[in-house]
Amino acid sequence: MAVSSLNRTPLEPTTRWPGLGAMARDFRRSLLEAVAPSLASQKTIVRDGTIELSLLDCGASGFLLQRRHVRFDGSLAIQKIDATDGLRLDEFIEGDPHYDALTSAYRLLVSRLNEVKQNPTAANPLTGNVTDCQNELEVLRLMRQVCEGVGGTSCVYHWVRAPDDARRDGPVYDTHVVLASCPPAWIQAYERRMAADPVMEYARDNNAPLRGFRQLNISDSAWLAGEAQLYGLRSNVFFPARRRDGELFGLLHVSSGDPAPEGEERLWQNQRVLRGLAEEMLDWPAIQYRRAAAQQYQLSETERAVLRWLHRGGDAAHAAADLHLTPKQVYRIYKAVKIKMGRDDIRACTRMAAEAGLFDL
C-alpha cells in the first residue's frame, strides 16, 4: 500500500551528540542520507516494513535511484544505483523482492525519469578524488573508474553504522547504505541477506583487507560466495575502513568475472590504490553533510570563529579579544547566529555547528 512521502530534511538538529533515543538516532542516520533533491518519491508499506523509492537529481551528472527500506526492527537499509543506465535500472526493478508491492512506485519514478531525460545536459568531467565530487553519482562513477582501472568489473561501497546497543550476537548494523556499480540483480539478492553478511561482521572488527572468502568461517561464508558466483562475481577482494573515534565504518567490495585465485591476485596487486579509495569514500557522508549545513546556515567566517571559541570552552570575552571585537559585538553575533540556526541557546548552536563539521571549513 502506497502512502504519501515524508519531507525529511537532512539537517534536522538535535541538542545531544552522541545521545540516546529516536531523535539522536535519526540525526545520526541523517549523516548518511543523500542531500540531493528528489524529483519523485513514493513510500510503500511492505510485509517487513516500509520502502521509499526516490529519484535523486544529481544535476548535470544524471540521476540516482534510491531505495530506502525501514524494517520493523528499526534497521535502515539504503541502496543507490545509477538510474541513467536503462538496462541496469530495469534489472534492478525486476529483481526487487517486493516488486509486486512496489510496481506503481517504480512506474512513477520511471515515468518521471523519462520526462527529465528529454532535456539532457553535458555531464561534469570526472574528478580525481572524492572531496572534489559534487554529488553521489560522481562518487559512484569515480569508484567505478578506479576499480575498472585495476581490473574490477563490479564494485560496491557500504557505509554502516552499528546499533547503539551493539552486541556480538546482535544485528551488525542500524543503518546500512550501499552505493553500487554491479549487476543489479546481485544487489537485490544481497539486500535480503545483508544482515547475515560474514564480510560485514569481519569489517566491523577488522581493518585488514580481505582476499576472497577463505579467511572467513566456511559455513558462514558459503552462501555469500556461492550467490556471488551466480551473478558473475567470481573473484572478490574487500577493504574495510574506519575511524578510531567514529561509530561509522565502511567497506569497499571489488570483484571481477575472472576465476579465482588468478582474478583475486590481479586485484590484490592493487590493494594500495583500493585501500586508499575505501578510506577516502568513508568520508563522503561527512563531506556532503558539511556542505549542506554550510549552505543552510550561511554562517560567516567571523560567526564560525565565535562559535569555535565556545566549542573550545571559551566565552564572549575570549572571542572578543581574539577577533578584536567588543563583547557587545560578540553578543550581537550570538543573536544573528541563533536566528540563522533556529535556536534560542548559543551553546546548542555551537553543538550543531560542531556536529555538522562547520569548524573544518
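At a glance:
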item: Flag if Ala228 is of a type in the set (A, V, I, L, M), out of contact with any Cys (no Cβ under 6 Å at 6 or more places or on another chain) and surrounded by fewer than 18 Cβ atoms within 10 Å (Cβ to Cβ); result: no
item: Number of positions in region 318-337 that are within 18 Å of Met352 (Cβ to Cβ) and either small (Gly, Ala, Ser) or in contact with a helix residue (DSSP H, G or I) (Cβ under 6 Å, 6 or more places away or on another chain) (or both); result: 5
item: Tally of residues being without any contact (Cβ under 8 Å) to a residue 40 or more places away in the chain and within 29 Å of Gln229 (Cα to Cα) across region 239-268; result: 5
item: Considering residues of region 124-156 that are among the hydrophobic types (A, V, I, L, M, F, W, C) and in contact with a Lys or Arg (Cβ under 8 Å, 6 or more places away or on another chain) only, the residue farthest from Arg234 (Cα to Cα); result: Leu126
item: So Ala316, is it in contact (Cβ under 8 Å) with a residue 12 or more places away in the chain, crowded, with 17+ Cβ neighbours inside 10 Å and closer than 18 Å to Val130 by Cα; result: no
item: Test: residue in region 300-322 that is in a helix (DSSP H, G or I), closer than 19 Å to Leu140 by Cβ and among the hydroxyl-bearing types (Ser, Thr, Tyr); result: no
item: Extreme residue, modelled with the lowest pLDDT, among residues of region 93-126 that are surrounded by 15 or more Cβ atoms within 10 Å (Cβ to Cβ) and in contact with a helix residue (DSSP H, G or I) (Cβ under 7 Å, 6 or more places away or on another chain); result: Ala123
item: Single match in Leu31, Leu6, Leu11, Leu39 (criterion: closer than 22 Å to Phe249 by Cβ and at pLDDT below 95); result: Leu31
item: All positions within region 127-145 that are over 21 Å from Pro37 (Cα atoms) and crowded, with 22+ Cβ neighbours inside 10 Å; result: Met143
item: Residues satisfying the stated conditions in region 124-145, i.e. touching a residue at least 24 places away in the same chain (Cβ under 8 Å) and either assigned to a loop (DSSP other than H, G, I, E, B) or of a type in the set (Gly, Ala, Ser) (or both); result: Asn124, Asn129, Cys133, Gln134, Asn135
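The values are calculated or read from the model by the stated rules, or taken from the named source; none is laboratory data. For clarity, every value in this text was computed on a predicted model and none was experimentally measured. Positions of Cβ are generated from backbone atoms using ideal geometry, with glycine treated the same way; all protein chains shown enter the neighbour counts.
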